[in-house]
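The values are calculated or read from the model by the stated rules, or taken from the named source; none is laboratory data. These numbers were taken from a predicted model, which means no experiment stands behind them. Cβ: placed from backbone, ideal geometry, glycine included. Neighbour counts: every protein chain shown. These area figures cover heavy atoms from the full protein model, side chains too; ligands, DNA and RNA do not enter into them. Shrake-Rupley method; radii C 1.70, N 1.55, O 1.52, S 1.80 Å.
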Amino acid sequence: MKLNPQQQPPSDMPVVELVYFNAGGGHRASSLALESAIARAGLGWRVKRTHLFEVLDPNARFRHWTGMEPEDVYNKRLARGWTLGLSQELRVLQQMIRFGHRSLVQSLTAYWREQAPAMVVSLIPNFNRAMADALAAAQPASPFVTVMTDLADCPPRFWAEPQTQQILVCGSPYALAQARAAGMAPHRMWGVSGMLLGEQFHDVAPVDRNAERAALGLDPSRPVGLVLFGAEGSRAMLPIARRLTDTQLILVCGRNEELATALRAMKRNAPTVVLGYTRAMARSMQLADFFIGKPGSGSLSEAVHMGLPPIVVRNAWTMPQERYCTDWVKDHKLGLVLPSYQRMDLAVVQLLSRIDQHKSAAARMQCRAAEQVPQVLAQILEKAQRVDMNKAA
């Protein structure tokens, strides 16, 4: 049964649960993008978005004891650019998750016995073994699917959990090859083209670039760079803005008000637009000519999808799950990968001298995951329901 996206599905339709958390902005954004994509596909499911930590800590004890949410430490580090050592911290976190596996499974099993979802879709790493085991215990007929929000895995035990009943959806051939090498069974692997992007990136209204640039105080005849370091921003944007004092910039600071204030107070030679958190990122990208930011799979995929050649940095501070993205940029000749931000001014000159070639490379990249993932999920759920009916018969 297919519904018009404006219609509400009947109460007896299958419940599909999307699991996310707020470490960085990508997982929550992907859950929203998938919810919207499912509605556009007219599949008639009742979609429920679930914050994992609200299930594991329903009384908010962590916040009561510490005064912060579980993801806040990670997000504050991103905002300050303190990413050195995250590889080691990731292994410590994974050890803690393994140590608490039994408790995690018990909590999630009780939750899913009560909720009885027809399918659970995870959009987060690290906790997939616990979720897969819990759903198998609580609702054996309900498939557990993980949709990767990174272009590559960071093995072991980051995204792929081959010892469970997990079904893994990979957004790149490289991630698919990693899953195969990790021992995922072929029938539990699906490949799609790219990351889940929000509806605004697929339903882009045309804009009068010259008029909109002029309205923001930008010179329509000169190049504009868009600088973005995710939903939490990063203090790395300050030296970038200084080194590019003669380049027009749109600086997107996300929820980092302190950073936005500092950038607005900075004296630069070129016109500058400083934005806080915005839901109109596609529109901002339409006004830019190139992208500067961290090599996160989400924002990088958005920029390339919108035709913006990227400049990114890879060094010891680059987070482990983002390192492959720099290879992706180089392999597809999408833009430039630098060892640091020190020579950003020269890098911009170099990028602009070959901007047409980089834009052509970006145009060849097809990101159709928002169309493909709902169809993949529909096939998975249909097969599970058919198997369950045959068992019942």
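Comparison of Arg279, Arg283 shows that the only residue that is in a helix (DSSP H, G or I) and either surrounded by fewer than 24 Cβ atoms within 10 Å (Cβ to Cβ) or touching a residue at least 60 places away in the same chain (Cβ under 8 Å) (or both) is Arg283.
Of all the listed residues (Gln350, Gln357, Gln366, Gln372), the sole one being open to solvent by 10 Å² or more (accessible area, probe 1.4 Å), in contact with a Ser or Thr (Cβ under 7 Å, 6 or more places away or on another chain), over 30 Å from Gln88 (Cα atoms) and modelled with pLDDT of 95 or more is Gln372. Among the residues making up region 250-275, those that are open to solvent by less than 20 Å² (accessible area, probe 1.4 Å) and among the small types (Gly, Ala, Ser) are Gly254, Ala260, Ala270. Scanning region 311-336 for residues that are among the hydrophobic types (A, V, I, L, M, F, W, C) and under 20 Å from the mean Cα position of the chain (by Cα) yields Ile311, Val312, Val313, Trp317, Met319, Cys325, Trp328, Val329, Leu334. Failed condition for Glu212, given (1) outside any helix (DSSP H, G or I); (2) more than 26 Å from the chain's Cα centre (by Cα); (3) of a type outside the set (Gly, Ala, Ser), with all others met? With respect to (1) outside any helix (DSSP H, G or I); (2) more than 26 Å from the chain's Cα centre (by Cα); (3) of a type outside the set (Gly, Ala, Ser), Glu212 is out only on (1).
Restricting attention to region 134-159, the residues being among the hydroxyl-bearing types (Ser, Thr, Tyr) and either surrounded by fewer than 24 Cβ atoms within 10 Å (Cβ to Cβ) or touching a residue at least 60 places away in the same chain (Cβ under 8 Å) (or both) number 2. Taken together, Val192, Val207 contain a single residue that is at pLDDT 95 or above and β-branched (Val, Ile, Thr), which is Val192. Checked against (1) touching a residue at least 60 places away in the same chain (Cβ under 8 Å); (2) open to solvent by less than 50 Å² (accessible area, probe 1.4 Å); (3) of a type outside the set (S, T, N, Q); (4) not in a helix (DSSP H, G or I), Val337 meets all criteria but (1). Scanning region 208-230 for residues that are touching a Lys or Arg at 6+ places or on another chain (Cβ under 6 Å) and either within 30 Å of Gln379 (Cβ to Cβ) or open to solvent by less than 40 Å² (accessible area, probe 1.4 Å) (or both) yields one hit, Phe229.
Of all residues in region 164-187, those being in contact (Cβ under 8 Å) with a residue 24 or more places away in the chain and either open to solvent by 30 Å² or more (accessible area, probe 1.4 Å) or assigned to a helix (DSSP H, G or I) (or both) number 6.
Annotation note: Cβ proximity below 8 Å between a residue of region 213-237 that is more than 19 Å from Ala303 (Cβ to Cβ) and of a type in the set (D, E, K, R) and a residue that is open to solvent by less than 50 Å² (accessible area, probe 1.4 Å) and part of a loop (DSSP other than H, G, I, E, B) (sequence gap 6+ or interchain) occurs for Asp219/Pro271; Arg222/Ala270; Arg235/Gly81.
A single entry from Leu263, Leu249, Leu300 fulfils the requirement of being modelled with pLDDT of 95 or more and outside any helix (DSSP H, G or I): Leu249. Confirm whether Ala205 is farther than 27 Å from Glu258 by Cβ, open to solvent by less than 60 Å² (accessible area, probe 1.4 Å) and not in a loop (DSSP other than H, G, I, E, B). Judged against the criteria, Ala205 is not a match.
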